[in-house]
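**Q** Take this structure first; my questions come after.
The values are calculated or read from the model by the stated rules, or taken from the named source; none is laboratory data. Not measured: the values here are computed from a predicted model. Backbone-built Cβ (ideal geometry, glycine too); neighbour counts: all protein chains shown.
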Amino acid sequence: MGMVGGGRGAFIGAVHRMAAALDGEIELVCGAFSSDPEKSKASGADLYLDPSRVYGSYKEMIEKEKQLSEDVRMDFISIVTPNHVHFGPAKMALENGFHVVCDKPLCFDLREARELESLVAKSGLIFALTHNYTGYPMVKQARDMVSGGQLGEIRKIVVEYPQGWLSTKIEDSDQKQASWRTDPSRSGIAGCMGDIGTHAENLAEYITGLQIEEMCADLSILVPGRQLDDDGNVLLRFDNGARGILFASQISVGEENNLRIRVYGTKAGIEWHQQEPNSLIVKPLEGSMYVIRTGVGNLSPSAQAHTRLPSGHPEGYLEAFANIYRNFAKCVQARLDGQEVDPVYQDFPTVSDGVRGMQFINKVVESSNSDQKWITFE
């Protein structure tokens, strides 16, 4: 793996590195860790990399790595930069034969996202997007229960992601994560909805297998002087006729990362909380409510394949993140070996999920700015 971004002072880069390393299938061999060449070199030294493979820019990294022999050069790049620096390295990597892992959202805008989707299709390369919450075993169990008909016909989906860390205007204090996420020149046209609303949208579609068809959105800026939304509420209509509610907020005081989803069908409902990830609550139409636990009982093959530890040993955020990297790595290794990979390991978000995420951002903003009640998703 070669990394773009994630140098000193970054948050998500370290998470990606830990997740990629967890299963021993990926080695970080090079990087362009900062737009500042000196900072990139210092960051590479922190990670004990060969100084000759620590680069001053992603362009230099891709050009020089391509010149190395296949058994030495990087096999893929991991992009962990702010949103406005996703497209350039992803495009150049695909054009030069390198697979890609990219942090979400996919790009700065929908035009870039669609161009990347076309490049992936043209190149045949593997592209993963780190909607990491889809990596949890109980999320996969929920998806398999829905697809297996255990909930019956899906009627209602409620998904929410409240945080409280932007309850005050901390971007004015040069807090790095807040400063770029609230800056439209780096984040894009949405703030909260682009940052965490897209996670909620992706989770709802992943678990249910349904797609959003229409929406009615209300975005707000509740901290005076902020440039992008910090709170939003969206009514949803899905392609099977189900109704939904999505809300995302970064001014909900006291909340940490309280991503939660409830799915209701004609036979049963299910409920999952990211802050209690090892439990899936099941509420049948007839009979008593019960809880399915990671590592216990007759789980679906997908849930079992994405569980590492015996029951009672918590698995969480890093393990879910690592499941995406492990599955991606198995697909890349199979491609290098000319083999087929087990379908259970082909399960990770792709560039097409990223395009849907960017379309979601666009349509939420369009809906919030419109006097029209319902906006068509496509």
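Conditions tested, residue by residue: (1) touching a residue at least 12 places away in the same chain (Cβ under 8 Å); (2) under 30 Å from GLY148 (Cα atoms); (3) of a type in the set (Gly, Ala, Ser).
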position	(1), (2), (3)
THR168	yes, no, no
TRP180	yes, no, no
CYS192	yes, no, no
ASP195	yes, no, no
TYR206	yes, yes, no
GLY225	yes, no, yes
ALA248	yes, yes, yes
GLU255	yes, no, no
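**Q** Now a separate question. Step by step: first the residues of segment 18-61, then only those that are in a helix (DSSP H, G or I) and touching a residue at least 60 places away in the same chain (Cβ under 8 Å), then the one that is nearest to THR307 (Cα to Cα). Which residue is that?
**A** So the first thing to find is which residues in segment 18-61 are in a helix (DSSP H, G or I), and the list is 18-21, 37-46, 51-53, 58-61.
Within this subset, residues satisfying the condition of being touching a residue at least 60 places away in the same chain (Cβ under 8 Å) are 18-20.
Values: MET18: 17, ALA19: 14, ALA20: 16 Å.
Checking each candidate, the answer is ALA19.
**Q** Among the numbered conditions (1) surrounded by 13 or more Cβ atoms within 10 Å (Cβ to Cβ); (2) closer than 16 Å to LEU125 by Cα; (3) aliphatic (A, V, I, L, M), tell me where ILE375 comes up short.
**A** So ILE375 meets the others, but not (2).
**Q** Separate question: Would you check if PRO184 is touching a residue at least 40 places away in the same chain (Cβ under 8 Å) and buried (at least 17 other Cβ atoms within 10 Å of the Cβ)?
**A** No, not satisfied.
**Q** Condition first: more than 17 Å from ALA93 (Cβ to Cβ) and touching a Lys or Arg at 6+ places or on another chain (Cβ under 9 Å). Now tell me which residues in segment 20-39 satisfy that.
**A** Hits for segment 20-39 are LEU22, ASP23, GLU25, SER34, LYS39.
**Q** Can you give me the number of residues within segment 328-369 that are polar (S, T, N, Q), in contact with a strand residue (DSSP E or B) (Cβ under 9 Å, 6 or more places away or on another chain) and not in a helix (DSSP H, G or I)?
**A** Matching residues across segment 328-369 total 1.
**Q** Can you name every residue in segment 270-279 that is out of contact with any Lys or Arg (no Cβ under 8 Å at 6 or more places or on another chain) and either buried (at least 17 other Cβ atoms within 10 Å of the Cβ) or more than 19 Å from LEU318 (Cα to Cα) (or both)?
**A** Selection gives PRO277 alone.
**Q** I'd like to check something: does segment 39-56 contain any residue that is closer than 22 Å to ASN132 by Cα and either buried (at least 20 other Cβ atoms within 10 Å of the Cβ) or at pLDDT 95 or above (or both)? Show your work before the answer.
**A** Keep residues of segment 39-56 that are closer than 22 Å to ASN132 by Cα, which gives none.
Scanning segment 39-56, I find no residue that is closer than 22 Å to ASN132 by Cα and either buried (at least 20 other Cβ atoms within 10 Å of the Cβ) or at pLDDT 95 or above (or both), so the answer is no.
**Q** Further, regarding this structure: With the requirement that a residue be surrounded by fewer than 19 Cβ atoms within 10 Å (Cβ to Cβ), out of contact with any helix residue (DSSP H, G or I) (no Cβ under 8 Å at 6 or more places or on another chain) and modelled with pLDDT of 95 or more, what does segment 314-334 give you?
**A** GLN333, ALA334
**Q** Could you check segment 207-223 and list, in sequence order, the residues that are surrounded by fewer than 17 Cβ atoms within 10 Å (Cβ to Cβ) and in contact with a strand residue (DSSP E or B) (Cβ under 6 Å, 6 or more places away or on another chain)?
**A** Residues satisfying the conditions are GLU213, ASP218, SER220, LEU222.
**Q** Moving on to the next point. When you look at ASP144, is it of a type in the set (Asp, Glu) and farther than 21 Å from VAL365 by Cα, yes or no?
**A** Details: of a type in the set (Asp, Glu): yes; farther than 21 Å from VAL365 by Cα: yes.
It is true that ASP144 is of a type in the set (Asp, Glu) and farther than 21 Å from VAL365 by Cα.
**Q** Just one of (1) surrounded by fewer than 21 Cβ atoms within 10 Å (Cβ to Cβ); (2) assigned to a strand (DSSP E or B) trips up SER311, so point out which.
**A** SER311 satisfies every listed condition except (2).
**Q** Identify, from the list VAL101, VAL85, VAL159, the residue that is buried (at least 22 other Cβ atoms within 10 Å of the Cβ), outside the structural domain of PHE247 (by TED's automatic domain parsing) and within 18 Å of the chain's Cα centre (by Cα).
**A** Sole residue among the options that is buried (at least 22 other Cβ atoms within 10 Å of the Cβ), outside the structural domain of PHE247 (by TED's automatic domain parsing) and within 18 Å of the chain's Cα centre (by Cα): VAL101.
**Q** Right, another one. Among the residues of segment 1-17, which ones are surrounded by 15 or more Cβ atoms within 10 Å (Cβ to Cβ) and in a loop (DSSP other than H, G, I, E, B)? Show your work before the answer.
**A** Looking only at segment 1-17, we keep the residues that are surrounded by 15 or more Cβ atoms within 10 Å (Cβ to Cβ), and these are 1-7, 10, 12-13, 15-17.
Listed by number, the residues that qualify are MET1, GLY5, GLY6, GLY7, ALA10.
**Q** Quick check: anything in segment 139-150 of a type in the set (A, V, I, L, M, F, W, C), within 21 Å of HIS16 (Cα to Cα) and buried (at least 19 other Cβ atoms within 10 Å of the Cβ)?
**A** Taking segment 139-150 as the starting set, the residues that turn out to be of a type in the set (A, V, I, L, M, F, W, C) are 139, 142, 145-146.
In the following step, the residues that additionally are within 21 Å of HIS16 (Cα to Cα) were identified as 139.
With the extra rule that they be buried (at least 19 other Cβ atoms within 10 Å of the Cβ), the set shrinks to 139.
Within segment 139-150, one or more residues are of a type in the set (A, V, I, L, M, F, W, C), within 21 Å of HIS16 (Cα to Cα) and buried (at least 19 other Cβ atoms within 10 Å of the Cβ).
**Q** Name the residue, out of THR350, THR376, that is over 18 Å from LEU129 (Cβ atoms) and not charged (D, E, K, R). Before the answer, list the steps.
**A** Values: THR350 fails: over 18 Å from LEU129 (Cβ atoms).
Just one listed residue meets the conditions, THR376.
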